[in-house]
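What follows is one structure encoded as structure tokens, with my remarks underneath.
Every number in this text was worked out from the coordinates using simple rules, so none of it is lab data. No experiment lies behind these values; they were computed from the predicted model shown. Glycine gets a Cβ as well: all are built from the backbone with ideal geometry, and neighbour counts include every protein chain shown.
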Amino acid sequence: MTKPNSYIRFLKLVDVLNTKSSIRKLDSIEALLLNSIMIDDQAGRSILVGDLINLKLLGSQATLHKRVTNLRSLGYISLVAQSDARKKRVIPTKLSYKRLEFLSGCLERATKAFTSQT
């Protein structure tokens, strides 16, 4: 038997709560893109669609463009045209912040349960 692990508990909480949610679960690429958007937003950096599409480690440009489109249609991001109409700024929506709060809550619950077991 292995020791209790707070990260495993976190993953289980996220999985259980995602199954109860009416919102479609994000695939791994969508989740990574949204994480990148939220990190940049938290740091006060603006991010453009082109920046996301150039994250080659996550997939091809076509794949990433489709995932950005999915995030927009699901309501996680909005796109705002810049002075150069070819460039669009990515803005996280209330739903993105709600997801971040949800994940933070799961992490807090997992670490609380872990510290109370040890």
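Structure notes:
- Of all lysines in the structure, the ones whose alpha carbon falls short of 19 Å from that of residue 112, not counting any fewer than 8 places away in one chain, are 3, 12.
- Across the alpha-carbon atoms of region 26-117, the computed radius of gyration and Dmax are 15.0, 55 angstrom.
- Remark: region 36-77 projects, on average over all directions, an area of 2.8 nm² (convex hull of Cα atoms).
- Cβ-defined net charge surrounding residue 111, 14 Å radius [Lys, Arg +1; Asp, Glu -1]: +3
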